[in-house]
Amino acid sequence: MSSDSSPYGNPETRQRILSKAWELLEERGSSFRLVDVADAAGVSRQAVYLHFGDRAGLLVALVDHVDEGFGAAKLRAHVFGAPTGVESLRRWVDTMSWYTGKIDRLTQVLEANQYDDEALAAGWRNRMNRRQAMLLAMTERIAGEGRLRAGWSVAAAADLIYAVTMPGPWRELTRHLRWSEQQYSDAVWRLLEAGLLLGSEAGDAEAG
């Protein structure tokens, strides 16, 4: 992968390549090739290399492209604009319930190839680090509001939320066990609410 992080060439061509790469990935999963992307975008394979360096570079760029297309910035604003930390967590669970499905093909490719490619591993780890940082901030807010259950540190609670809402559990429940996205959202929320939060129905019953 090229060490130059600045985008190469015509931005419209770059966006067209990314859009066609996303379409092919959705159709074929990890089997798509750079030559197929080039053909679909109407450019040479050399042009794809010049824009992205290699297949790993294209996939890493595709992450940001897909996030942008699905309005990830607005979704984050919705989640973190909640009036309380608890409501922010609820919105996070609901958002991840459907958003994970939108990007699952790409997620699977990144997960599967991260151990064989340093660039993909770095791209995936950077994404997960950002997610952990967001959840840590959310959990700190919950604790500051006095809603984190005794016995939980902020770090441990944030780690649990992170693990429970990872793509793997979502995929197992919705793809293999045939849960609906709403079932997933409701069940994960009940689990986190009962286990981590004071003031939940489960917590009130326990206190009584």
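No value in this document is a laboratory result; all are computed from the given coordinates. Predicted, not measured: the structure shown is a model, and the values here were computed from it. Counting neighbours? That spans all protein chains shown, and the Cβs are built from the backbone with ideal geometry, glycine included.
When segment 70-207 is described by a simple charge dipole with +1 on each Lys and Arg Cβ and -1 on each Asp and Glu Cβ, the residue from G151, N129, G71 located farthest towards its positive end is G71. Projecting the Cα atoms of S31, P11, A47 onto the dipole axis of segment 11-68, where Lys and Arg carry +1 and Asp and Glu carry -1 at the beta carbon, places A47 farthest toward the positive end. Phi-derived couplings, Karplus 6.51 cos²θ - 1.76 cosθ + 1.60 at θ = phi - 60°, listed residue by residue for segment 88-101: 4, 5, 4, 5, 4, 4, 4, 5, 5, 4, 9, 5, 4, x Hz, with x used for Gly and Pro. Annotation: the residues Y115, Y184, Y99, sorted from fewest to most other C-beta atoms within 10 Å of their own C-beta, follow the order Y115, Y99, Y184.
Determine the shape class of segment 11-68: with a ≥ b ≥ c the square roots of the Cα gyration tensor eigenvalues, call it rounded for a/c under 1.5, and otherwise prolate if a/b is greater than b/c, oblate otherwise. Rounded, since a/c falls under 1.5. Which one, V79, V35, V93, has the greatest fluctuation when you compute a Gaussian network model over the chain with C-alpha springs under 10 angstrom? Result: V35 has the largest fluctuation of those listed. Here segment 103-208 yields Rg over Rh of 1.04, to two decimals, using C-alpha coordinates and the Kirkwood radius. Amide H contacts under 5 Å for L197: R149, restricted to partners 5 or more places along the chain or on a different chain, H placed in the peptide plane at 1.01 Å from N. Connecting C-alpha atoms closer than 10 Å in a GNM of the chain, tell me which of E12, E181, E193 has the biggest fluctuation. So, out of E12, E181, E193, the one fluctuating most is E12.
Under the simplified labelling scheme, the R33-A72 pair shows an inter-label distance of 2.9 nm, with each label point 7 Å from Cα along Cα→Cβ.
Charges were assigned to the Cβ only: +1 to each Lys and Arg, -1 to each Asp and Glu. The resulting dipole of the chain about its Cα centre is roughly 200 debye.
Helical content of the chain, expressed as a calculated mean residue ellipticity at 222 nm, amounts to -23000 deg cm²/dmol (DSSP H runs of 4 or more residues, -39,500 (n - 2.57) each, divided by residue number, nearest 500). Along its principal axes, the chain has C-alpha extents of 69, 35, 29 angstrom, given from the largest down.
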